[in-house]
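The values are calculated or read from the model by the stated rules, or taken from the named source; none is laboratory data. Given the structure is predicted, the values throughout are model-derived calculations rather than measurements. Every residue, glycine among them, receives a Cβ derived from its backbone with ideal geometry; neighbour counts consider all protein chains shown.
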Amino acid sequence: MTLDEESHLRGYLATATLARSASESAGPALLLVTIAVVGSAATGSYVVACMTVSAAVAGPFVGAILDRAGSARRAFTATMVLMAGGLAAIALAIGNVPIGVVMALAAVAGIGYPAVTGAWSAQLPRLVPARALRRAYASDAATYSVAAVVAPPVAAALIALSVHAPLWLPVLLLLVSSVALRWVPVSGPPSAGSMSMSADLRAGTAVLARNRTLRRTVIITTVGFAGQAAIFVSAPLLAESMTGSLEFTGLVLGAFAAGGVLAALWLTRHPVARPDRAVIAGTVASAACLALVGLAGTPWLLLVAAFAMGASEPPIVSSMFQVRVRESPVHVQSQVFTTSASLRMCAFAAALAVCGALVSVGIWAIIAFGVALHLLSLVLGLALGPDLPHRSTWVHREG
């Protein structure tokens, strides 16, 4: 890449890390503040659910708007300011207004969520040359991992300052991101706004439904990602059964996150070269590691299995991005990214609810359900996708 292209990528990654740190900390901050002010964990989960459901439903529409925007920078800035405004309003209002108003504000904040996740990733092909996209998407995957590790603990620690302080972290990060965006040359697709909104939505949906290669990846990364809910629900149960204390849960989830960060950083030096295969292989690895989590007989083995499972995620995410941009037309790329992200969020939320219901059955049922979702994703993806390349190309590079 040229010096200008390297500079653009660094600016993008810095801004993306800030914005994604905001999105990763928003949920935990909402939960903590609601519990601290209202005194109910159930109410806190409902508030977070309002933001999550809003983000999932708004994804296709936000993507279509960004694809049609005459000024992509203004559109991205508006979505980030909208999310920051919703969270700031909650920080100022919670405890003084009915909880229904807080839930409505959380839903407003959720509308901006897809822009700082999927839609932002769709900008990379317009910032770097095609030959550099593999490394760029590996670096992009790393921003998610770093944000997920750093931001939630910082937000939680701010509760010591005041009951509202955790919410001000994502607000500040979003505002700083919107300012930093001025130095990132974001742009809309060449044909932005050429069709009606309904036509754009139909076009984006048609790409996901008809492109068999993209469809395979979307199915595997959606259903397989839902299977990861099992580790988050089972971690506290395993921690308590092995150590007699819930405190070990933090170490288990920390090992999972650390595996993701180290794998993501390694991929920035050694990008995924064959993304279609990596999505499949990564999902197999994730399923195997989740099974090991359930079979681990000691705390140390549990930490190793959680670390390995976390390490399997960045190759899948980086490959998923590569396939999305390769297979989707430029004029609907943002919509493809945000719609795919929305499907993943919905699937994960549904799996989380099922795992919660399985707690009464036992840890083994939660783990088995998660592994089954991984395997189901492969069965469905391979059945509904194109034929796989010849087995020799899985080991040896194609000429």
Restricting to the range 354-399, count the residues that are at pLDDT 95 or above and in a loop (DSSP other than H, G, I, E, B). 0
Which number in (1) over 14 Å from ARG215 (Cβ atoms); (2) of a type in the set (Val, Ile, Thr); (3) surrounded by 17 or more Cβ atoms within 10 Å (Cβ to Cβ); (4) out of contact with any Asp or Glu (no Cβ under 7 Å at 6 or more places or on another chain) marks the one condition that VAL332 misses? (4)
If you go through the range 165-181, how many residues are in contact (Cβ under 8 Å) with a residue 60 or more places away in the chain and more than 14 Å from LEU18 (Cα to Cα)? 2
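Conditions tested, residue by residue: (1) in contact with a Ser or Thr (Cβ under 9 Å, 6 or more places away or on another chain); (2) surrounded by fewer than 24 Cβ atoms within 10 Å (Cβ to Cβ); (3) in a helix (DSSP H, G or I).
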| site | (1), (2), (3) |
| --- | --- |
| ALA257 | yes, yes, yes |
| ARG277 | yes, yes, yes |
| ALA305 | no, no, yes |
| VAL317 | yes, no, yes |
Looking only at residues that are among the small types (Gly, Ala, Ser) and more than 22 Å from GLY370 (Cα to Cα) in the range 264-285, which one is modelled with the highest pLDDT? ALA264
Taking SER162 as meeting all but one of (1) without any contact (Cβ under 8 Å) to a residue 12 or more places away in the chain; (2) part of a helix (DSSP H, G or I), write down the number of the exception. (2)
Residues that are in contact (Cβ under 8 Å) with a residue 12 or more places away in the chain, surrounded by fewer than 22 Cβ atoms within 10 Å (Cβ to Cβ) and in contact with a helix residue (DSSP H, G or I) (Cβ under 9 Å, 6 or more places away or on another chain): does the range 112-124 have at least one? no
Over the range 37-56, the set of residues under 23 Å from the mean Cα position of the chain (by Cα) and of a type outside the set (S, T, N, Q) is GLY44, TYR46, VAL47, VAL48, ALA49, CYS50, MET51, VAL53, ALA55, ALA56
Picking from ALA357, ALA351, ALA306, ALA341, the residue that is out of contact with any Gly (no Cβ under 6 Å at 6 or more places or on another chain) and under 21 Å from ALA263 (Cβ atoms) would be ALA306
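Yes or no, residue by residue, for (1) hydroxyl-bearing (Ser, Thr, Tyr); (2) more than 21 Å from ILE90 (Cβ to Cβ); (3) not assigned by TED's automatic domain parsing to the domain that holds TRP168:
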site	(1), (2), (3)
LEU32	no, no, no
VAL38	no, no, no
ALA42	no, no, no
SER45	yes, no, no
VAL48	no, no, no
ALA56	no, no, no
ALA64	no, yes, no
Of the residues GLY250, GLY224, which is of a type in the set (Gly, Ala, Ser), under 30 Å from PHE321 (Cβ atoms), free of Cβ contacts under 8 Å to residues at least 60 places away in the same chain and part of a helix (DSSP H, G or I)? GLY250
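Taking the stated definitions as given, is ALA75 closer than 19 Å to PRO152 by Cα and crowded, with 20+ Cβ neighbours inside 10 Å?
For ALA75, the condition - closer than 19 Å to PRO152 by Cα and crowded, with 20+ Cβ neighbours inside 10 Å - is not met.
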Counted residues in the range 176-212 being among the β-branched types (Val, Ile, Thr) and modelled with pLDDT under 90 come to 4
